[in-house]
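*Asks:* A single structure is presented below for examination.
The values are calculated or read from the model by the stated rules, or taken from the named source; none is laboratory data. A quick note: this is a predicted structure, and the numbers were derived from the prediction, not measured. Positions of Cβ are backbone-derived with ideal geometry, glycine not excepted, and every protein chain shown enters the neighbour counts. The accessibility values were calculated without ligands, DNA or RNA, using every heavy atom of the protein model including side chains. Shrake-Rupley method; radii C 1.70, N 1.55, O 1.52, S 1.80 Å.
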Amino acid sequence: MWLGFASVLGAVLFFGWAVSVNLLYLFGPLPSLERLENPRPAVPSILYSADGIELGRYYRENRSPVPLDSMAPVLIQALRATEDARFEDHSGIDLQALLGVLKGAAAGDRRGGGSTVTQQLAKNLFKTRGAVSTKGPLNKVPGLKTVVAKVKEWIVAVQLERTFTKPEILQLYLNTVDFSSNSFGVKVAARTFFGTTPDALQPQEAAMLVGMLKAPTAYSPRFQPKAALARRNVVLEQMGKYNFLKPAEVAELQATPLELRYQPDRHIDGPQAYYRTAVGQALEAWCTAHDHDLYADGLRFYTTIDTRYQALAEEAVREQLKQLQNRFDNYWRNQHSNPWADEKGHEIPGFIAEAMRRTPYYKALEKRFHGDTARIGEELRRPRPMTVFSLKGPKEMTLSPLDSLAYYKRFLRCGMMTMNPNTGQILAWVGGADFNFFKFDHVRQARRQPGSTFKPFVYLTAIDKGYSPCDRLRDQRITIKYEENGEPMEWQPNNVTRSYTGSNMTLRYAMGRSVNSVTAQLTEKVGWGEVAKYAHKTGITSPLLAVPSIGLGSGGDVSVYEMVNAYSTFANGGFRNEPQLISKVEDRNGNLIDAPQPRQKRVLRAETALLMQHMLLGTMQEPGGTSQSLWDYPQLWKKNNEIGGKTGTTSNYSDGWYMGVTQDLVTGTWVGGEDRSIHFRTSNTGEGGKTALPVFGRYMTKLYEAGLAERHPFKREYKGLNMPKLNCYTAAPRKPKVDTVATDALLEQLNNSETPPPPIENVTLPGGE
């Protein structure tokens, strides 16, 4: 008998040793001593704005560790009374409880139990049962895998008891345990189920949370209230049994109902916004480069997005889209037509049906109905109630999928981004009217023809090659000859007005007025291939075609993100930025581990950048400049403030652009329909100066009024630089003889002489502006 006992004991000890050393790699590894001494439970990474506002969390297990002294004592009492009454007396394994379980199993009772808090901590902290990395071949053998896992828990529990004090074990346990509803740890659980903090838990609340530990889903008060109530009362009874509560208190607390304030967190918590996708990609890239887990390492990321700028940008977009949409709807209502139209304004037949065929929903219907077009058509025409977007807020409507698509196609879209040109930090990012209804991001995802906002790259090329803002070209009809695929071709650019003044105008004036004929001539002189090269040099990353009309925006589609970066090169003295979304990173303890510095590269001479600032100011300062609608925003012009910029419009008015530049901020705005076939029809309603520029004007006004931007002129530091003459006019300013002068006649008179333009307040533009 003694020999048999010794043999069993020896076998048990040998099995325990074999598991501990992972003999022949059969059992899977145990956590290393370093991991045991420094356990790192998965903690969410938190995203903050530049102004310190929490924007969201990234996690697999949502937990926020707190010290034991920040937990209500009644919580510890409930835990000990229910899960481990002899917690203070054992060293990780409760032999008395274990023998009780074995005795019960021999009698047919298979309820289990006997695990100490320390064993449960070992299982939760190091995934001794679930993680693939901890398993060996024997874990696949039915029956034996349970024994191996249990032995691992015992071994790790004993090691934890040797490494940590009892209070430290309780703290680790309560910060790692799963309470369901994606609540890991008592802090998140207290907030999720009761809207409170761990130190403020009442006895009945603590009892309910501890009761859930037996089976979090089965005893969830949100989904199984009856079972949760019964389990809570069992815990209260246990607390009375071990003298943590008096019998009268137990009876009183058991009579109280469940009082929940249930508010679970999402997997990626925080406001839904267009910038979150871009920020998320930046965070993933940073974590990959620095070997961190975004969803478990508890990092603190500070993004460059400033909630104050962001809120004002979203407000400006909403206000302008509301006005534009009314204008857009009224125009097409008067035309008795839908807004999807060809170049002549004729409605495109079958437009909605064709658009529907490109949607994932249509492809799902094809799969569901095995390509039966009749049944697909019935489903597409079947009305159903739905919540839809409106400019006044979400509303309920009954629409078929086809009607719903037509409804949404009528809405104008907008993309807007603001960057600090001196650092490359992105301050605001508005990808559309409402992220909940329009997921497509018109800052980075969308690429559209830039129209005349591409003209500055022509003038940039010319200036960097030795031209001066005061050099002159004549506004006249021209024919540009070139070859395409070996075939001779001709192109005759048209001015927007379809007329030519014959004026010998300065380059600054021509860009300020956005004169196509001069831009086309200059493009031919410097080479359209060179224009594409300079655009790429400053920050455009999309492919560009080296064609004669590249300066008018037909060389390729670009994004707002690219255009803002490229224009920032002008304001940053010729340095191109790498746009930045992360300003600093801290570890879970608040220690700084990275502070990405601006990444800049000089791509232009300082003289060239300063001259391009001067050129962009011309759209405000030259008579008839395309940015002069900004004079309608008086808050922009205090303290001798200067703003440069450029409007852009595509030929069918499907895209309206405005690029605005100050010394400290560069903002790009695009407005248009979801499809290029959805557009305005006239210059008075659809050009960039009427659609996109007002968004910029509203936004900058709000920034100045809020004290978030400074009004001041551009810095002019010419010392040591080889700068040409900037004043293109030799005579003193003269006042016109009459208050109202026809614009083109005045400009022809001015440009054929060497006299400067009259003060802007003495000129009335067409339309009474």
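*Asks:* Consider segment 449-470. How many of its residues are of a type in the set (D, E) and either without any contact (Cβ under 8 Å) to a residue 12 or more places away in the chain or open to solvent by 60 Å² or more (accessible area, probe 1.4 Å) (or both)?
*Replies:* Selection size over segment 449-470: 0.
*Asks:* While we're here: Filter segment 479-517 for residues that are among the aliphatic types (A, V, I, L, M) and within 23 Å of G645 (Cα to Cα); which is most open to solvent (accessible area, probe 1.4 Å)?
*Replies:* Ranking the qualifying residues of segment 479-517, first place goes to V496.
*Asks:* Tell me, which residue of segment 642-663 that is modelled with pLDDT of 95 or more and outside any strand (DSSP E or B) is surrounded by the fewest Cβ atoms within 10 Å (Cβ to Cβ)?
*Replies:* Here the answer is E642.
*Asks:* I've got another one for you. I'd like the residue in segment 192-251 that is over 41 Å from the mean Cα position of the chain (by Cα) and over 18 Å from T82 (Cα atoms) and, out of all such residues, is most open to solvent (accessible area, probe 1.4 Å).
*Replies:* K226
*Asks:* Counting residues that are at pLDDT 85 or above and open to solvent by 80 Å² or more (accessible area, probe 1.4 Å), which helices (runs of 4 or more DSSP H) fully inside segment 680-769 reach at least 3?
*Replies:* No helices (runs of 4 or more DSSP H) qualify here.
*Asks:* Does D372 satisfy the condition of being touching a residue at least 40 places away in the same chain (Cβ under 8 Å), out of contact with any helix residue (DSSP H, G or I) (no Cβ under 7 Å at 6 or more places or on another chain) and open to solvent by 40 Å² or more (accessible area, probe 1.4 Å)?
*Replies:* Taking the combined requirement at face value, the residue does not satisfy it.
*Asks:* Sticking with this structure for a sec: Hey, could you check segment 551-588 for residues that are open to solvent by 10 Å² or more (accessible area, probe 1.4 Å) and of a type in the set (S, T, Y) and say which is nearest to V458 (Cα to Cα)?
*Replies:* Result: S554.
*Asks:* Of the residues K533, K537, which is under 14 Å from I463 (Cβ atoms) and surrounded by fewer than 22 Cβ atoms within 10 Å (Cβ to Cβ)?
*Replies:* Sole residue among the options that is under 14 Å from I463 (Cβ atoms) and surrounded by fewer than 22 Cβ atoms within 10 Å (Cβ to Cβ): K537.
*Asks:* Any residue at all in segment 270-277 that is more than 26 Å from the chain's Cα centre (by Cα), surrounded by 14 or more Cβ atoms within 10 Å (Cβ to Cβ) and in contact (Cβ under 8 Å) with a residue 12 or more places away in the chain?
*Replies:* No, segment 270-277 contains no residue that is more than 26 Å from the chain's Cα centre (by Cα), surrounded by 14 or more Cβ atoms within 10 Å (Cβ to Cβ) and in contact (Cβ under 8 Å) with a residue 12 or more places away in the chain.
*Asks:* Within the bounds of segment 75-93, is there any residue that is in contact with a Pro (Cβ under 8 Å, 6 or more places away or on another chain), at pLDDT 85 or above and open to solvent by less than 30 Å² (accessible area, probe 1.4 Å)?
*Replies:* There is at least one residue in segment 75-93 that is in contact with a Pro (Cβ under 8 Å, 6 or more places away or on another chain), at pLDDT 85 or above and open to solvent by less than 30 Å² (accessible area, probe 1.4 Å).
*Asks:* Six or more apart or on different chains, Cβ atoms under 9 Å: show the pairs whose first residue is in segment 692-719 and β-branched (V, I, T) and whose second is surrounded by fewer than 20 Cβ atoms within 10 Å (Cβ to Cβ).
*Replies:* Close Cβ pairs (under 9 Å, with a partner that is surrounded by fewer than 20 Cβ atoms within 10 Å (Cβ to Cβ)) amount to V695/E319; T701/Y633; T701/P634; T701/Q635.
*Asks:* If the Cβ limit is 8 Å and pairs must be 6+ apart or interchain, which residue in segment 382-398 that is exposed (fewer than 10 other Cβ atoms within 10 Å of the Cβ) pairs with which residue that is at pLDDT 90 or above and of a type in the set (D, E)?
*Replies:* P385/E396
*Asks:* Something else: Could you check segment 435-448 and list, in sequence order, the residues that are surrounded by 21 or more Cβ atoms within 10 Å (Cβ to Cβ), more than 11 Å from the chain's Cα centre (by Cα) and farther than 13 Å from G556 by Cα?
*Replies:* Within segment 435-448, H442 is the sole residue that qualifies.
*Asks:* Here is a follow-up. Answer yes or no as to whether R63 is of a type in the set (K, R), open to solvent by 70 Å² or more (accessible area, probe 1.4 Å) and either closer than 21 Å to F164 by Cα or at pLDDT 75 or above (or both).
*Replies:* no
*Asks:* Could you please find all residues in segment 317-344 being touching a Leu at 6+ places or on another chain (Cβ under 6 Å) and open to solvent by 50 Å² or more (accessible area, probe 1.4 Å)?
*Replies:* Selection gives K322 alone.
*Asks:* Here are the criteria: (1) part of a helix (DSSP H, G or I); (2) modelled with pLDDT of 90 or more. Tell me which single one H292 does not satisfy.
*Replies:* (1)
*Asks:* Of the numbered conditions (1) closer than 18 Å to Y59 by Cβ; (2) in contact (Cβ under 8 Å) with a residue 40 or more places away in the chain; (3) among the charged types (D, E, K, R), E284 fails exactly one; give the number of that condition.
*Replies:* (2)
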